C-alpha cells in the first residue's frame, strides 16, 4: 500500500532518534509498501534559528524568516536519507521546491494550493522511499513559504490526499487521542477511532494532537489518518469518517484554561448592537468563542463573551472605541475562568446527554457561568479552580454510565 | 556601478560580523551602486553539518550531503538580509534555485553551466541589494549541487561575468595577494595588481587566496577582480589582464611543502616507457607535477617526478603494477622535499631572471634537486628543511635587485 508517515521534531531530534525512525521506515518499506515520509525540523532547531535571527533583527521580514527556517526541515530530510542509505534502503530527499508543493504567498502562514506529484511518483516508481520537508511550500515567485503552526501535519495530509495514499500516519510523542488530557483526567482512555468532526472539535477545544488545518484537509479529501507514537508500537487512534466510538456517547472531555470572560452591562436593547460590537472586535483580530446575551429588560441588555487571555487588551480597547455607538453602562472582566467541554458525534441524537452532563456538574457542586452547545459538543464556562474537578466528574459519569443510557 | 561582493565564512561567522558586513554593503549601496552579494556558510557551519552527517552515516551519498550543506549558505543569506533590513536597506535573498544558477550534475563538485539572471535583474531594478547563496547550483533534475572547494568565489565571478559587473570584490581575511606567504617570507609585500595568469600560477603553487576555477573564469570573461580584507578598508589587490607589477620582475615567491619525489632507476631506454608509466599513474588519479628524465646511457635511464604526499601509496602501487612492462631496476622515494617557485609575467622576456634565481639559491647554499620552468614560473625542488630559507633568499634578491636588472 501507499503510505505517508509524518514525524515531528522530537522524533528526529538527534542521530539516535533519526536511526530509530529510519528503522521504522525500513520495516514499512521491507513489507512492500510505497513510503513517503514527511519530517519537521530537528528538536529545537526552529527555535534556535529564530533566536539567531532576533539577535540580528528584532523584527525581520517574514519572507527572510521563512527562507531561514526552511533550512531546518531540509537538514532533517537529508540526514534521514543518510540514515536510510546506511540501512541500504533506496531513498531520496525532496524540499518543497523539488516536491513542487505550491502554496499561497502568505509568508509564515501560507496554505498549500496544489502539489505536482510527477517527480515524487517517479521516485516512488523507481523503488525509492521519498523524504519530504514538512511545513513549507513555494509560492508563485518561487520563494520559500512556511505553513504556520502544525504545518508539517498539513504537508503530510496534503501529500496523502494528492497521492491518494491508503493511510497517513502522524507519529507524535503520545500514543493516540485520549478521552481527556491524561495529566488532568485520571481515568482518561485512548480512543481506537474518532471522526474528523470530533477531532476538529477536540483540537479547537485545546487538545492539540493534530492541527485543525490538517484535520479539515483530511476530512475534505477523506484521508485515513492515524495518530500514533514514534516511541512505541501501540496501535494509535484512527481518525476517519463515521468512526465508531465504541459504546460511548462522547469521545472525550477537554479543558481549556486560556479563557477570559468579558461582560458588557446595560447595553441599549436595539437592533445592530451586537453587530457593532463584534465587528469592532473582528477588526482588532479578536476571536470570540462563547457568546451569551441576556433577555432585554427596561430597554437594556447584557452581552457576555469569552476570548483568549492574550486578546484581553485588544478587546478592551475595541469595546472602549465602540462605547458611543452602543451606549453601555459598564464593562466587567473575569480572568480566572476555564472552559470544560464534551465532544461526541452521538450526542446530537441522544436526549440524555445534556441531562447527564449537567447531573455531573451538579453532583460535583460546580457553578456553571455560561453554556454553549453545537451538534457534537457541549461547553460550559466554570471558575478556573473548578475546571479539573468538573472535567473528571463529567468524564467519570460518561465513561461509567454511557452504555446504560444508550441501551 | 554594478558590483558583486563576496564574503567568506569567517566574515559572517556571528551576529556582530554579519552586522559589520551589512554596514559595508550599505555604504556601497548608499553610494549609488547596484549591489549583488555572495555569501558562504557561517564559520564552522559546513564542518558541523559534515560531522552531523558522519554521526549518522560514515559514507553518505554526495547528493544528500549537498542537500544538507546547501542549508548553510541559505541561513547566511537570510540572516544577512535581516541585518540589512534593520539598516533600512531594501534587499532580498536568493538561493541557487531562485537565482537560477544551473550547474552540472556532479554532486559535491559541480560546475556552473549558466545563470538565468532575469529575477536577479528584476530585483536589482527594483532597487534591492540581492544576497545570493555561494557554493551551490541546481542541476537538470532541480537537485541542489555544491561547487567544491572555493565554490563561493566561483559563484561570485560567474555572477559578475553574467551580469557584466564593473567589479567583483572578494573579501577575505587577508588584505590582498602578497609577494610571498607572510608567515614564511619575512619581507613579503602586498601587490597592488596581478595578472590572471600569475594568480593562476600562484594558486597552483599553494598560495590559496583565490581558488583556481574562479580565476580561470575571471580570465575567460575578463572580470575585474579585487581581493581585499573584510576587516579593514585597505585597498586590496586587483587581478586583471595586463596587470603591471610595478618595477618588479616577479610577482612573488611560493613554497609548497606537500610534495614527495619518486625516482624510478634503470628504466629501459626505449619509446613508450614514459607513456606506460604516466598513463598508469593517471588511472590511479595521481597528479604528477615536475618530471625529470635523465639522458639514456647503456640502454637505461632514470625517471623522477613529484606528487602530493597523500598520493604516494597510490603511485607506488601503480609503479609496481607496471614493472613488467617498463622493466626498471629500483624505485627510490623521498618524502622530505619542498617546491619553491617564483612567478612573474615579466620573466619570459628577461634573460636575467633565471640567473638571478640561481644566484640566490647558490649564495644561500641550497642544493637544488630538480628544476621546472614555464613562461611565467620557475620551480625548484629542495630539501624541506631548506625551503623557507631558500624562499626568503630568493625573495630578498628579487625585491632588492629587480629594478637594477630591469633598467
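As an exercise: evaluate residue A:216 against (1) in a loop (DSSP other than H, G, I, E, B); (2) modelled with pLDDT of 90 or more; (3) under 16 Å from the mean Cα position of the chain (by Cα) and give the number of the one condition it does not meet.
All conditions pass for residue A:216, except number (1).
So is residue B:38 more than 9 Å from chain A (Cβ to nearest Cβ) and under 24 Å from residue A:75 (Cα atoms) or not?
Taking the combined requirement at face value, the residue satisfies it.
Those residues that are closer than 17 Å to residue A:166 by Cβ and out of contact with any strand residue (DSSP E or B) (no Cβ under 9 Å at 6 or more places or on another chain), I need them from the range A:220-237; list them, please.
Matches in the range A:220-237: A:221, A:222.
Of the numbered conditions (1) crowded, with 22+ Cβ neighbours inside 10 Å; (2) without any contact (Cβ under 8 Å) to a residue 12 or more places away in the chain; (3) part of a loop (DSSP other than H, G, I, E, B), residue B:58 fails exactly one; give the number of that condition.
(1)
Among the strands (runs of 3 or more DSSP E) contained in the range B:298-386, which hold 3 or more residues that are more than 21 Å from residue B:188 (Cα to Cα) and in contact (Cβ under 8 Å) with a residue 12 or more places away in the chain?
Here the list reads B:300-307, B:330-343, B:370-374.
Can you name every residue in the range B:269-292 that is surrounded by 15 or more Cβ atoms within 10 Å (Cβ to Cβ) and part of a strand (DSSP E or B)?
B:288, B:289, B:290, B:292
Just for the range B:88-99: of the residues that are facing another protein chain (nearest Cβ under 7 Å) and in a loop (DSSP other than H, G, I, E, B), which one is surrounded by the fewest Cβ atoms within 10 Å (Cβ to Cβ)?
So the residue we want is B:97.
Does any residue of the range A:252-264 turn out to be at pLDDT 90 or above, more than 33 Å from the chain's Cα centre (by Cα) and either part of a helix (DSSP H, G or I) or more than 30 Å from residue A:345 (Cβ to Cβ) (or both)?
Within the range A:252-264 (the criterion being at pLDDT 90 or above, more than 33 Å from the chain's Cα centre (by Cα) and either part of a helix (DSSP H, G or I) or more than 30 Å from residue A:345 (Cβ to Cβ) (or both)), the answer is no, since none of the residues qualifies.
Yes or no: residue A:77 more than 11 Å from chain B (Cβ to nearest Cβ) and crowded, with 24+ Cβ neighbours inside 10 Å?
Spelling it out, it is not the case that residue A:77 is more than 11 Å from chain B (Cβ to nearest Cβ) and crowded, with 24+ Cβ neighbours inside 10 Å.
Hey, any hits in the range B:43-55 for a residue that's in a strand (DSSP E or B), at the interface with chain A (Cβ under 7 Å from one of its Cβ atoms) and at pLDDT 95 or above?
Looking through the range B:43-55, none of the residues is in a strand (DSSP E or B), at the interface with chain A (Cβ under 7 Å from one of its Cβ atoms) and at pLDDT 95 or above.
Which numbered condition trips up residue A:85, out of (1) in a helix (DSSP H, G or I); (2) out of contact with any helix residue (DSSP H, G or I) (no Cβ under 9 Å at 6 or more places or on another chain)?
Failing condition for residue A:85: (2).
When you go through (1) within 10 Å of chain A (Cβ to nearest Cβ); (2) more than 22 Å from the chain's Cα centre (by Cα); (3) within 24 Å of residue A:69 (Cα to Cα) one by one for residue B:66, which number turns out not to apply?
(2)
How do the pairs read when you match residues in the range A:9-22 that are under 9 Å from residue A:43 (Cβ atoms) and within 11 Å of another protein chain (Cβ to nearest Cβ) with residues anywhere that are buried (at least 19 other Cβ atoms within 10 Å of the Cβ) and modelled with pLDDT of 95 or more, using Cβ under 7 Å and keeping only pairs 6 or more apart or on different chains?
These pairs meet every condition: A:12/A:18; A:12/A:21; A:12/A:39; A:12/A:42; A:12/A:76; A:12/A:80.
The values are calculated or read from the model by the stated rules, or taken from the named source; none is laboratory data. Remember, it's a predicted structure, so these values are computed and weren't measured experimentally. Glycine also receives a Cβ, built like all others from the backbone with ideal geometry; neighbour counts cover every protein chain displayed.
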